[in-house]
Amino acid sequence: MLDLAVLRKNPELLKKKLQDRFYDIDVDKLVEMDKEIRKNKSVLDELLASRNKLSKEIGKRKAKKEQADDLIKKVNETADKIKKTEEEYNKKHEEFMNIWLLVPNMIDDSTPIGKDESDNVEIRKWGDIKEFGFKPKEHFELAAELDMLDFERGAKLSGSRFVVYKGLGARLERALINFMLDLHTKEHGYKEIIPPYIVNENVMVGTGQFPKFRDEAYETGGQYLIPTAEVPLVNLHREEILKEDDLPIKYAAYTACFRKEAGSYGKDVKGIIRQHQFNKVELVQFTKPEESFDALEALTNSAERVLQLLGLPYRVVVLSSGDIGFSAAKTYDIEVWLPGQNQYREISSCSNTLDFQARRASIRYKGKEGKTYFPHTLNGSGVAVGRCLVAVLENYQQEDGSIKIPEKLIPYFGDKEIR
RNA sequence: GGAGAGGUGGCCGAGUGGUCGAAGGCGGUUGACUCGAAAUCAAUUGUACGCCCACCAGCGUACCGCAGGUUCGAAUCCUGUCCUCUCCGCCA
(Lines give C-alpha, C1' and ligand atoms only; values in the text may rest on other atoms or scores of the structure.)
Protein backbone atom coordinates (compact mmCIF):
# COMPACT_ATOMS: atom_id res chain seq x y z
CA MET A 1 0.00 0.00 0.00
CA LEU A 2 1.30 3.39 -0.94
CA ASP A 3 1.38 6.46 1.24
CA LEU A 4 -1.82 8.42 0.64
CA ALA A 5 0.36 11.53 0.54
CA VAL A 6 1.38 10.52 -2.99
CA LEU A 7 -2.22 10.59 -4.10
CA ARG A 8 -2.84 13.94 -2.44
CA LYS A 9 0.37 15.77 -3.22
CA ASN A 10 1.61 14.23 -6.42
CA PRO A 11 -1.04 12.32 -8.38
CA GLU A 12 0.87 12.96 -11.61
CA LEU A 13 3.82 10.98 -10.30
CA LEU A 14 1.53 8.11 -9.39
CA LYS A 15 0.01 8.19 -12.87
CA LYS A 16 3.42 8.00 -14.45
CA LYS A 17 4.52 5.15 -12.20
CA LEU A 18 1.38 3.19 -13.03
CA GLN A 19 1.95 3.84 -16.70
CA ASP A 20 5.50 2.48 -16.38
CA ARG A 21 4.00 -0.78 -15.18
CA PHE A 22 1.26 -0.75 -17.82
CA TYR A 23 -1.42 -0.61 -15.15
CA ASP A 24 -4.75 0.94 -15.98
CA ILE A 25 -6.05 2.57 -12.81
CA ASP A 26 -8.07 5.77 -12.73
CA VAL A 27 -5.98 8.00 -10.46
CA ASP A 28 -8.22 11.03 -10.88
CA LYS A 29 -11.14 9.02 -9.59
CA LEU A 30 -9.10 7.95 -6.58
CA VAL A 31 -8.17 11.56 -5.86
CA GLU A 32 -11.82 12.50 -6.05
CA MET A 33 -12.89 9.63 -3.80
CA ASP A 34 -10.24 10.49 -1.24
CA LYS A 35 -11.40 14.11 -1.12
CA GLU A 36 -14.97 13.05 -0.64
CA ILE A 37 -14.09 10.58 2.07
CA ARG A 38 -12.23 13.23 4.01
CA LYS A 39 -15.13 15.60 3.70
CA ASN A 40 -17.49 12.92 4.94
CA LYS A 41 -15.17 12.20 7.82
CA SER A 42 -15.20 15.84 8.91
CA VAL A 43 -18.97 16.03 8.78
CA LEU A 44 -19.32 12.77 10.66
CA ASP A 45 -16.82 13.79 13.32
CA GLU A 46 -18.67 17.03 13.93
CA LEU A 47 -21.96 15.22 14.33
CA LEU A 48 -20.42 12.77 16.75
CA ALA A 49 -18.78 15.59 18.67
CA SER A 50 -22.08 17.35 19.18
CA ARG A 51 -23.73 14.14 20.28
CA ASN A 52 -20.94 13.44 22.76
CA LYS A 53 -21.27 16.93 24.15
CA LEU A 54 -25.00 16.64 24.66
CA SER A 55 -24.73 13.17 26.15
CA LYS A 56 -22.27 14.43 28.71
CA GLU A 57 -24.62 17.26 29.55
CA ILE A 58 -27.41 14.73 30.08
CA GLY A 59 -25.17 12.75 32.36
CA LYS A 60 -24.42 15.81 34.44
CA ARG A 61 -28.09 16.70 34.81
CA LYS A 62 -29.06 13.17 35.73
CA ALA A 63 -26.36 13.12 38.35
CA LYS A 64 -28.03 16.17 39.84
CA LYS A 65 -31.41 14.46 39.48
CA GLU A 66 -32.57 17.06 36.98
CA GLN A 67 -34.82 16.67 33.94
CA ALA A 68 -33.03 16.19 30.61
CA ASP A 69 -35.88 15.37 28.28
CA ASP A 70 -35.27 18.43 26.11
CA LEU A 71 -31.64 17.42 25.53
CA ILE A 72 -32.57 13.81 24.82
CA LYS A 73 -35.07 15.02 22.26
CA LYS A 74 -32.40 17.16 20.64
CA VAL A 75 -29.95 14.27 20.40
CA ASN A 76 -32.56 11.99 18.96
CA GLU A 77 -33.13 14.43 16.15
CA THR A 78 -29.54 13.91 14.92
CA ALA A 79 -29.52 10.13 15.35
CA ASP A 80 -30.79 9.46 11.86
CA LYS A 81 -28.33 11.80 10.25
CA ILE A 82 -25.43 10.27 12.14
CA LYS A 83 -26.41 6.79 11.06
CA LYS A 84 -26.76 7.79 7.44
CA THR A 85 -23.50 9.73 7.36
CA GLU A 86 -21.65 6.90 9.02
CA GLU A 87 -22.98 4.32 6.61
CA GLU A 88 -22.05 6.46 3.65
CA TYR A 89 -18.58 7.08 5.00
CA ASN A 90 -17.99 3.37 5.60
CA LYS A 91 -19.24 2.49 2.16
CA LYS A 92 -17.07 5.04 0.40
CA HIS A 93 -14.04 4.12 2.42
CA GLU A 94 -14.47 0.46 1.59
CA GLU A 95 -14.91 1.24 -2.10
CA PHE A 96 -11.76 3.27 -2.04
CA MET A 97 -9.71 0.62 -0.26
CA ASN A 98 -10.90 -2.04 -2.69
CA ILE A 99 -9.18 -0.11 -5.44
CA TRP A 100 -6.27 1.17 -3.39
CA LEU A 101 -5.20 -2.37 -2.48
CA LEU A 102 -4.92 -3.12 -6.21
CA VAL A 103 -2.45 -0.29 -6.76
CA PRO A 104 1.06 -1.72 -7.12
CA ASN A 105 4.19 -0.30 -5.57
CA MET A 106 5.91 2.54 -7.39
CA ILE A 107 9.07 1.40 -9.10
CA ASP A 108 12.38 2.84 -8.00
CA ASP A 109 14.16 5.16 -10.42
CA SER A 110 16.84 2.51 -10.94
CA THR A 111 14.28 0.06 -12.31
CA PRO A 112 14.52 0.09 -16.11
CA ILE A 113 11.36 0.88 -18.01
CA GLY A 114 10.26 -1.93 -20.30
CA LYS A 115 7.34 -4.06 -21.27
CA ASP A 116 8.43 -7.53 -20.16
CA GLU A 117 11.34 -9.81 -19.27
CA SER A 118 13.07 -9.07 -22.55
CA ASP A 119 13.72 -5.59 -21.18
CA ASN A 120 15.45 -6.81 -18.04
CA VAL A 121 19.01 -5.59 -17.83
CA GLU A 122 21.99 -7.80 -17.07
CA ILE A 123 24.07 -6.40 -14.22
CA ARG A 124 26.82 -8.97 -13.87
CA LYS A 125 27.86 -12.50 -14.64
CA TRP A 126 29.73 -15.01 -12.51
CA GLY A 127 31.42 -18.30 -13.29
CA ASP A 128 32.66 -19.97 -16.41
CA ILE A 129 30.23 -21.88 -18.52
CA LYS A 130 31.67 -25.33 -18.86
CA GLU A 131 32.39 -26.83 -22.24
CA PHE A 132 31.03 -30.36 -22.38
CA GLY A 133 32.64 -32.81 -24.78
CA PHE A 134 29.19 -34.24 -25.36
CA LYS A 135 25.62 -33.00 -25.59
CA PRO A 136 24.55 -32.18 -22.04
CA LYS A 137 21.26 -33.68 -20.98
CA GLU A 138 18.35 -32.00 -19.31
CA HIS A 139 17.79 -32.64 -15.63
CA PHE A 140 14.75 -34.86 -16.07
CA GLU A 141 16.67 -37.19 -18.38
CA LEU A 142 19.51 -37.45 -15.90
CA ALA A 143 17.13 -37.87 -12.98
CA ALA A 144 15.23 -40.63 -14.77
CA GLU A 145 18.38 -42.64 -15.40
CA LEU A 146 19.47 -42.24 -11.80
CA ASP A 147 15.98 -42.90 -10.39
CA MET A 148 15.86 -39.59 -8.53
CA LEU A 149 12.54 -38.12 -9.67
CA ASP A 150 9.26 -39.87 -10.36
CA PHE A 151 6.80 -37.78 -12.37
CA GLU A 152 4.34 -40.56 -13.14
CA ARG A 153 3.72 -41.33 -9.52
CA GLY A 154 3.61 -37.63 -8.66
CA ALA A 155 0.82 -37.26 -11.19
CA LYS A 156 -0.90 -40.37 -9.86
CA LEU A 157 -1.00 -38.93 -6.36
CA SER A 158 -1.70 -35.29 -7.06
CA GLY A 159 -1.93 -34.51 -10.77
CA SER A 160 0.35 -32.70 -13.16
CA ARG A 161 3.14 -30.47 -11.86
CA PHE A 162 3.70 -32.71 -8.84
CA VAL A 163 6.73 -34.91 -8.41
CA VAL A 164 8.04 -37.59 -6.09
CA TYR A 165 11.68 -37.26 -5.07
CA LYS A 166 13.27 -40.65 -4.62
CA GLY A 167 16.45 -42.04 -3.12
CA LEU A 168 19.46 -39.86 -3.85
CA GLY A 169 17.17 -37.25 -5.41
CA ALA A 170 15.46 -36.73 -2.07
CA ARG A 171 18.81 -36.76 -0.33
CA LEU A 172 20.28 -34.18 -2.68
CA GLU A 173 17.31 -31.87 -2.13
CA ARG A 174 17.70 -32.22 1.62
CA ALA A 175 21.45 -31.63 1.43
CA LEU A 176 20.88 -28.42 -0.52
CA ILE A 177 18.36 -27.15 2.03
CA ASN A 178 20.76 -27.75 4.91
CA PHE A 179 23.67 -26.27 3.03
CA MET A 180 21.77 -23.08 2.27
CA LEU A 181 20.34 -22.67 5.77
CA ASP A 182 23.73 -23.17 7.38
CA LEU A 183 25.29 -20.62 5.07
CA HIS A 184 22.71 -17.93 5.72
CA THR A 185 22.38 -18.48 9.45
CA LYS A 186 26.04 -19.05 10.28
CA GLU A 187 27.72 -16.71 7.84
CA HIS A 188 25.17 -14.10 6.79
CA GLY A 189 23.54 -13.38 10.15
CA TYR A 190 20.00 -14.59 9.48
CA LYS A 191 17.85 -16.09 12.18
CA GLU A 192 16.30 -19.39 11.21
CA ILE A 193 12.52 -19.63 11.30
CA ILE A 194 10.10 -22.46 10.67
CA PRO A 195 6.78 -20.73 10.02
CA PRO A 196 3.30 -22.14 9.46
CA TYR A 197 2.53 -23.14 5.87
CA ILE A 198 -1.12 -22.15 6.22
CA VAL A 199 -1.99 -18.52 6.83
CA ASN A 200 -4.99 -16.26 7.26
CA GLU A 201 -6.49 -14.07 4.59
CA ASN A 202 -5.22 -10.76 6.00
CA VAL A 203 -1.69 -12.14 6.05
CA MET A 204 -1.92 -12.68 2.30
CA VAL A 205 -3.11 -9.09 1.93
CA GLY A 206 -0.18 -7.89 4.01
CA THR A 207 2.50 -9.02 1.59
CA GLY A 208 0.48 -8.14 -1.52
CA GLN A 209 -0.70 -11.55 -2.77
CA PHE A 210 -4.29 -10.57 -2.12
CA PRO A 211 -6.61 -9.30 -3.41
CA LYS A 212 -4.99 -9.17 -6.86
CA PHE A 213 -3.53 -12.68 -7.07
CA ARG A 214 -6.18 -14.65 -5.26
CA ASP A 215 -6.36 -17.16 -8.14
CA GLU A 216 -2.77 -18.18 -7.53
CA ALA A 217 -3.33 -19.46 -4.00
CA TYR A 218 -4.49 -22.83 -2.74
CA GLU A 219 -7.32 -22.36 -0.30
CA THR A 220 -8.05 -24.70 2.55
CA GLY A 221 -10.92 -24.09 4.93
CA GLY A 222 -10.81 -20.31 4.54
CA GLN A 223 -7.05 -20.19 4.95
CA TYR A 224 -4.30 -20.33 2.35
CA LEU A 225 -1.18 -22.34 1.61
CA ILE A 226 1.83 -20.05 1.46
CA PRO A 227 3.19 -19.39 -2.05
CA THR A 228 6.51 -18.38 -0.47
CA ALA A 229 7.95 -18.08 3.03
CA GLU A 230 8.07 -14.34 2.43
CA VAL A 231 4.38 -14.30 3.39
CA PRO A 232 4.69 -15.63 6.96
CA LEU A 233 8.13 -14.09 7.54
CA VAL A 234 7.16 -10.53 6.68
CA ASN A 235 3.86 -10.88 8.52
CA LEU A 236 5.66 -12.16 11.59
CA HIS A 237 5.71 -8.55 12.78
CA ARG A 238 2.35 -7.43 11.41
CA GLU A 239 0.52 -4.98 13.66
CA GLU A 240 3.62 -4.54 15.77
CA ILE A 241 5.72 -1.52 16.62
CA LEU A 242 9.37 -2.51 16.63
CA LYS A 243 12.21 -0.66 18.28
CA GLU A 244 14.72 1.14 16.11
CA ASP A 245 17.51 -0.83 17.79
CA ASP A 246 15.88 -4.09 16.68
CA LEU A 247 16.61 -3.22 13.05
CA PRO A 248 17.75 -4.70 10.84
CA ILE A 249 15.88 -7.95 11.44
CA LYS A 250 17.01 -10.82 9.22
CA TYR A 251 15.09 -14.07 8.88
CA ALA A 252 15.81 -17.19 6.87
CA ALA A 253 13.37 -20.03 6.45
CA TYR A 254 13.11 -23.22 4.52
CA THR A 255 9.54 -24.00 3.53
CA ALA A 256 7.58 -25.79 0.90
CA CYS A 257 5.73 -23.34 -1.35
CA PHE A 258 2.41 -23.83 -3.10
CA ARG A 259 1.29 -22.13 -6.27
CA LYS A 260 -1.53 -22.89 -8.64
CA GLU A 261 0.51 -21.53 -11.54
CA ALA A 262 -2.65 -20.31 -13.17
CA GLY A 263 -1.87 -18.83 -16.54
CA SER A 264 1.32 -20.78 -17.11
CA TYR A 265 -0.28 -23.56 -19.11
CA GLY A 266 2.14 -25.18 -21.49
CA LYS A 267 5.15 -23.53 -19.86
CA ASP A 268 7.92 -25.69 -18.44
CA VAL A 269 5.79 -28.79 -18.49
CA LYS A 270 8.78 -31.11 -18.40
CA GLY A 271 10.78 -31.59 -15.24
CA ILE A 272 10.66 -29.78 -11.94
CA ILE A 273 11.26 -26.21 -13.10
CA ARG A 274 7.64 -25.24 -12.45
CA GLN A 275 5.77 -27.23 -9.83
CA HIS A 276 2.66 -26.64 -7.75
CA GLN A 277 4.68 -27.56 -4.68
CA PHE A 278 8.36 -26.75 -4.38
CA ASN A 279 11.00 -26.12 -1.76
CA LYS A 280 12.63 -22.80 -1.18
CA VAL A 281 14.98 -21.18 1.31
CA GLU A 282 13.81 -17.61 1.74
CA LEU A 283 15.55 -14.54 3.12
CA VAL A 284 13.65 -11.60 4.58
CA GLN A 285 14.86 -8.34 6.09
CA PHE A 286 13.26 -5.45 7.93
CA THR A 287 15.44 -2.34 7.72
CA LYS A 288 15.42 1.37 8.32
CA PRO A 289 14.34 3.18 5.17
CA GLU A 290 17.74 4.72 4.54
CA GLU A 291 19.40 1.30 4.65
CA SER A 292 17.11 -0.75 2.44
CA PHE A 293 18.93 -0.39 -0.85
CA ASP A 294 22.25 -1.39 0.70
CA ALA A 295 20.41 -4.29 2.28
CA LEU A 296 19.06 -5.33 -1.12
CA GLU A 297 22.62 -5.55 -2.45
CA ALA A 298 23.73 -7.56 0.57
CA LEU A 299 20.74 -9.87 0.41
CA THR A 300 21.29 -10.51 -3.29
CA ASN A 301 24.97 -11.19 -2.63
CA SER A 302 24.01 -13.70 0.05
CA ALA A 303 21.85 -15.55 -2.45
CA GLU A 304 24.65 -15.40 -5.03
CA ARG A 305 27.05 -16.98 -2.57
CA VAL A 306 24.99 -20.15 -2.61
CA LEU A 307 25.68 -20.49 -6.31
CA GLN A 308 29.30 -19.40 -6.00
CA LEU A 309 30.06 -22.00 -3.36
CA LEU A 310 28.35 -24.64 -5.46
CA GLY A 311 30.28 -23.52 -8.52
CA LEU A 312 27.18 -22.78 -10.57
CA PRO A 313 27.52 -20.06 -13.21
CA TYR A 314 24.88 -17.37 -13.09
CA ARG A 315 24.00 -13.85 -14.03
CA VAL A 316 22.15 -11.13 -12.18
CA VAL A 317 19.53 -9.07 -13.96
CA VAL A 318 17.50 -6.13 -12.75
CA LEU A 319 13.85 -6.55 -13.64
CA SER A 320 12.15 -4.05 -15.91
CA SER A 321 9.00 -2.18 -14.96
CA GLY A 322 6.87 -4.61 -16.97
CA ASP A 323 8.29 -7.72 -15.33
CA ILE A 324 8.70 -6.65 -11.71
CA GLY A 325 6.30 -7.96 -9.08
CA PHE A 326 3.33 -6.12 -7.61
CA SER A 327 4.87 -5.25 -4.23
CA ALA A 328 8.43 -4.54 -5.33
CA ALA A 329 10.10 -1.23 -6.14
CA LYS A 330 13.27 -2.90 -7.37
CA THR A 331 14.08 -6.53 -8.02
CA TYR A 332 17.19 -8.47 -8.94
CA ASP A 333 16.71 -11.88 -10.44
CA ILE A 334 19.54 -14.35 -10.24
CA GLU A 335 19.55 -16.69 -13.20
CA VAL A 336 21.56 -19.87 -13.07
CA TRP A 337 23.10 -21.45 -16.14
CA LEU A 338 21.45 -24.70 -17.23
CA PRO A 339 23.59 -26.49 -19.84
CA GLY A 340 20.82 -28.97 -20.63
CA GLN A 341 18.50 -26.14 -21.58
CA ASN A 342 21.39 -24.05 -22.88
CA GLN A 343 20.03 -20.95 -21.14
CA TYR A 344 19.90 -19.01 -17.90
CA ARG A 345 16.89 -19.70 -15.69
CA GLU A 346 15.61 -17.78 -12.67
CA ILE A 347 16.68 -19.34 -9.39
CA SER A 348 16.24 -16.38 -7.08
CA SER A 349 14.34 -13.13 -6.99
CA CYS A 350 15.43 -10.44 -4.54
CA SER A 351 13.24 -7.42 -3.95
CA ASN A 352 13.04 -4.21 -2.01
CA THR A 353 9.39 -3.39 -1.37
CA LEU A 354 10.21 -0.17 0.53
CA ASP A 355 7.37 0.52 2.98
CA PHE A 356 4.72 -0.98 0.70
CA GLN A 357 4.28 -4.21 2.65
CA ALA A 358 4.93 -2.56 6.01
CA ARG A 359 1.97 -0.25 5.39
CA ARG A 360 -0.28 -3.12 4.34
CA ALA A 361 0.68 -5.24 7.32
CA SER A 362 0.92 -2.27 9.69
CA ILE A 363 4.51 -2.95 10.69
CA ARG A 364 6.14 0.07 12.28
CA TYR A 365 9.13 0.96 14.37
CA LYS A 366 9.66 3.67 16.92
CA GLY A 367 12.60 5.94 16.31
CA LYS A 368 14.83 7.19 19.08
CA GLU A 369 12.97 10.51 19.20
CA GLY A 370 9.71 8.66 19.74
CA LYS A 371 8.18 9.00 16.31
CA THR A 372 6.88 5.93 14.53
CA TYR A 373 7.99 5.01 11.03
CA PHE A 374 7.40 2.23 8.56
CA PRO A 375 10.44 -0.01 8.11
CA HIS A 376 11.35 -1.25 4.66
CA THR A 377 10.94 -4.94 3.94
CA LEU A 378 13.05 -7.02 1.58
CA ASN A 379 12.77 -10.58 0.46
CA GLY A 380 14.73 -12.93 -1.71
CA SER A 381 15.12 -16.58 -2.45
CA GLY A 382 18.29 -17.99 -1.12
CA VAL A 383 17.68 -20.00 -3.32
CA ALA A 384 14.92 -22.07 -4.92
CA VAL A 385 15.92 -25.59 -3.93
CA GLY A 386 14.37 -27.63 -6.75
CA ARG A 387 15.87 -25.39 -9.42
CA CYS A 388 19.19 -25.56 -7.63
CA LEU A 389 19.04 -29.33 -7.80
CA VAL A 390 18.36 -29.01 -11.51
CA ALA A 391 21.40 -26.77 -11.85
CA VAL A 392 23.63 -29.20 -9.96
CA LEU A 393 22.50 -32.13 -12.08
CA GLU A 394 22.96 -30.33 -15.38
CA ASN A 395 26.23 -28.56 -14.56
CA TYR A 396 27.89 -31.50 -12.87
CA GLN A 397 26.79 -34.25 -15.23
CA GLN A 398 29.46 -36.55 -16.64
CA GLU A 399 29.52 -38.21 -20.01
CA ASP A 400 28.45 -41.53 -18.50
CA GLY A 401 25.34 -39.94 -16.98
CA SER A 402 26.69 -39.82 -13.44
CA ILE A 403 26.73 -36.64 -11.35
CA LYS A 404 29.70 -35.21 -9.50
CA ILE A 405 28.72 -33.58 -6.21
CA PRO A 406 30.09 -30.04 -5.71
CA GLU A 407 32.93 -29.98 -3.19
CA LYS A 408 31.10 -27.86 -0.60
CA LEU A 409 28.02 -30.04 -0.77
CA ILE A 410 29.77 -33.34 -0.13
CA PRO A 411 29.64 -33.03 3.69
CA TYR A 412 25.91 -32.48 3.43
CA PHE A 413 25.24 -35.10 0.79
CA GLY A 414 27.59 -37.72 2.14
CA ASP A 415 28.95 -38.91 -1.18
CA LYS A 416 31.17 -37.60 -3.97
CA GLU A 417 28.96 -38.63 -6.82
CA ILE A 418 25.67 -40.06 -7.92
CA ARG A 419 25.76 -42.96 -10.34
C1' G B 1 -14.26 -33.59 20.17
C1' G B 2 -16.38 -32.52 25.65
C1' A B 3 -16.30 -29.12 30.13
C1' G B 4 -14.73 -24.60 32.30
C1' A B 5 -12.02 -19.74 32.55
C1' G B 6 -10.54 -15.53 30.06
C1' G B 7 -9.24 -11.69 26.11
C1' U B 8 -8.09 -3.93 28.77
C1' G B 9 -2.35 0.58 26.68
C1' G B 10 5.13 -1.93 25.43
C1' C B 11 4.23 -5.49 29.85
C1' C B 12 1.41 -6.66 34.51
C1' G B 13 -3.23 -5.28 36.31
C1' A B 14 -7.89 -2.31 38.23
C1' G B 15 -12.32 -0.92 36.30
C1' U B 16 -20.01 -3.91 35.58
C1' G B 17 -23.90 2.20 32.08
C1' G B 18 -22.16 8.77 32.41
C1' U B 19 -16.18 14.11 33.43
C1' C B 20 -12.77 6.60 31.41
C1' G B 21 -8.26 6.84 26.55
C1' A B 22 -9.02 4.32 30.92
C1' A B 23 -6.45 3.81 38.40
C1' G B 24 -1.98 1.60 40.14
C1' G B 25 2.63 -0.85 39.17
C1' C B 26 6.68 -2.13 35.77
C1' G B 27 9.20 -0.45 31.59
C1' G B 28 10.64 3.92 28.32
C1' U B 29 11.96 9.23 27.82
C1' U B 30 13.39 13.98 30.01
C1' G B 31 15.00 16.85 34.20
C1' A B 32 17.06 17.29 39.37
C1' C B 33 20.83 15.07 42.56
C1' U B 34 26.04 12.76 41.20
C1' C B 35 32.74 13.30 38.75
C1' G B 36 29.72 9.28 36.51
C1' A B 37 26.46 5.16 37.49
C1' A B 38 22.91 3.07 40.85
C1' A B 39 19.21 4.56 44.19
C1' U B 40 15.81 8.58 45.02
C1' C B 41 12.55 12.65 43.56
C1' A B 42 9.73 15.28 39.64
C1' A B 43 7.56 15.54 34.89
C1' U B 44 6.27 12.96 30.68
C1' U B 45 4.99 8.53 27.95
C1' G B 46 -0.87 4.41 23.34
C1' U B 47 -2.50 3.89 18.05
C1' A B 48 -5.13 5.45 13.72
C1' C B 49 -7.82 9.00 10.97
C1' G B 50 -9.44 14.04 10.03
C1' C B 51 -9.03 19.47 10.71
C1' C B 52 -5.60 23.44 11.57
C1' C B 53 -0.73 25.22 11.73
C1' A B 54 3.66 23.34 10.01
C1' C B 55 8.79 26.52 15.39
C1' C B 56 6.83 23.96 19.73
C1' A B 57 1.83 22.99 19.41
C1' G B 58 -3.57 22.78 19.15
C1' C B 59 -8.70 20.78 18.16
C1' G B 60 -12.05 16.74 16.90
C1' U B 61 -13.32 11.52 16.05
C1' A B 62 -12.54 6.32 16.60
C1' C B 63 -10.23 2.25 19.06
C1' C B 64 -10.53 -1.84 25.98
C1' G B 65 -9.98 -9.36 20.63
C1' C B 66 -13.44 -8.70 16.17
C1' A B 67 -18.52 -7.71 14.12
C1' G B 68 -23.32 -6.25 15.18
C1' G B 69 -27.27 -4.68 18.80
C1' U B 70 -29.67 -2.00 23.11
C1' U B 71 -29.15 3.24 25.01
C1' C B 72 -29.28 10.28 24.89
C1' G B 73 -24.57 7.82 26.41
C1' A B 74 -21.06 1.22 26.34
C1' A B 75 -14.47 -1.13 28.36
C1' U B 76 -18.95 -2.03 31.33
C1' C B 77 -25.48 -4.78 29.16
C1' C B 78 -27.19 -8.30 24.83
C1' U B 79 -26.08 -11.46 20.31
C1' G B 80 -22.70 -13.63 17.09
C1' U B 81 -17.70 -14.71 16.03
C1' C B 82 -12.38 -15.43 16.52
C1' C B 83 -8.49 -16.47 19.71
C1' U B 84 -5.89 -17.99 24.27
C1' C B 85 -5.52 -20.85 28.76
C1' U B 86 -6.93 -25.14 32.16
C1' C B 87 -8.98 -30.13 32.67
C1' C B 88 -10.77 -34.63 30.04
C1' G B 89 -10.54 -37.43 25.40
C1' C B 90 -7.69 -38.38 20.94
C1' C B 91 -3.09 -38.08 18.54
C1' A B 92 2.45 -37.13 15.22
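Cα-Cα over 32 Å: which of A:Lys280/A:Lys368; A:Lys41/A:Lys65; A:Lys280/A:Lys416? Over 32 Å Cα-Cα: A:Lys280/A:Lys368; A:Lys41/A:Lys65.
In terms of accessible area, using a 1.4 Å probe and ignoring ligands and nucleic acids, A:Thr111, A:Thr185 rank largest first as A:Thr185, A:Thr111. A:Tyr412 sits with roughly 80 Å² accessible to a 1.4 Å probe, with DNA, RNA and ligands left out of the calculation. Over chain A, DSSP H runs of length four or greater, each weighted -39,500 (n - 2.57), average out per residue to a 222 nm ellipticity of -13000 deg cm²/dmol.
Shape class for segment A:144-261: oblate, because the ratio a/c of the largest to smallest gyration tensor axis (alpha-carbon atoms, square roots of eigenvalues) is 1.5 or more and b/c is at least a/b.
Estimated at 0.36 nm per residue, the fully extended path between A:Lys135 and A:Lys191 surpasses their Cα-Cα distance by 15.9 nm. With a simple spin-label model that places each label point 7 Å from the Cα along the Cα-to-Cβ direction, the separation between A:Phe22 and A:Ser42 comes to 4.2 nm. Computed extension gain for A:Leu102 through A:Glu152, at 0.36 nm per residue and net of the alpha carbon distance, reaches 14.1 nm.
Who wins for biggest fluctuation among A:Glu86, A:Glu46, A:Glu399 in a Gaussian network model of chain A, springs between alpha carbons below 10 Å? Most flexible of the set in this elastic network: A:Glu46.
Compared with the dominant Cα axis of chain A, that is its longest principal axis, helix A:27-63 is turned about 50°.
Taking every pair of alpha-carbon atoms in segment A:117-418, what share in percent sits in each 20 Å bin, from 0 to the bin with the longest distance? Percent of pairs per bin, in order: 33, 58, 9, 0.
Between A:Lys260 and A:Lys408, the contour length at 0.36 nm per residue exceeds the alpha carbon distance by 49.9 nm. Accessible surface ranking for A:His93, A:His188, A:His139, 1.4 angstrom probe, highest first: A:His93, A:His188, A:His139. By how many degrees, between 0 and 90 and to the nearest 10, does the Cα long axis of helix A:11-20 differ from the longest principal axis of chain A? Taking Cα atoms only, the helix is inclined about 20 degrees. For chain A, the longest principal axis of the alpha carbon atoms and the long axis of helix A:69-100 meet at an angle near 20°. Surface composition of chain A: carbon plus sulfur atoms hold 49% of the accessible area, using a 1.4 angstrom probe and ignoring ligands, DNA and RNA. Residues in segment A:42-194 average 65 Å² of solvent-accessible surface per residue, probe 1.4 Å, ligands and nucleic acids excluded. With all pairs of different C-alpha atoms in the average, the Kirkwood value for the hydrodynamic radius of segment A:222-289 is 14.2 Å. Given a 1.4 Å probe and the protein chains as shown, A:Asp20 ends up with an accessible area of around 20 Å².
Approximating the spin labels as points 7 Å out from Cα along Cα→Cβ, the A:Lys288-to-A:Lys125 distance works out to 4.0 nm. Shape verdict for segment A:1-89, please, from the Cα gyration tensor: rounded (a/c under 1.5), prolate (a/b greater than b/c) or oblate. It comes out prolate by the Cα gyration axes. Remark: accessible surface ordering of A:Ile272, A:Ile198, A:Ile99 (largest first) is A:Ile198, A:Ile99, A:Ile272, probe radius 1.4 Å. Note on A:Lys62 and A:Glu239: the model spin-label points, each 7 Å out from Cα along the C-beta direction, lie 3.2 nm apart. When you filter the trypsin sites (Lys or Arg not before Pro) in segment A:238-315 for DSSP loop state and at most 12 other Cβ atoms inside 10 Å of their Cβ, you are left with A:Lys267, A:Lys270.
The values are calculated or read from the model by the stated rules, or taken from the named source; none is laboratory data. In this text the structure is predicted, and so the values were computed from the model without any measurement. Please note: Cβ atoms are built from the backbone with ideal geometry, for glycine as well, and neighbour counts cover all protein chains shown. Surface areas here come from the heavy atoms of the whole protein model, side chains and all, with no ligands, DNA or RNA. Shrake-Rupley method; radii C 1.70, N 1.55, O 1.52, S 1.80 Å.
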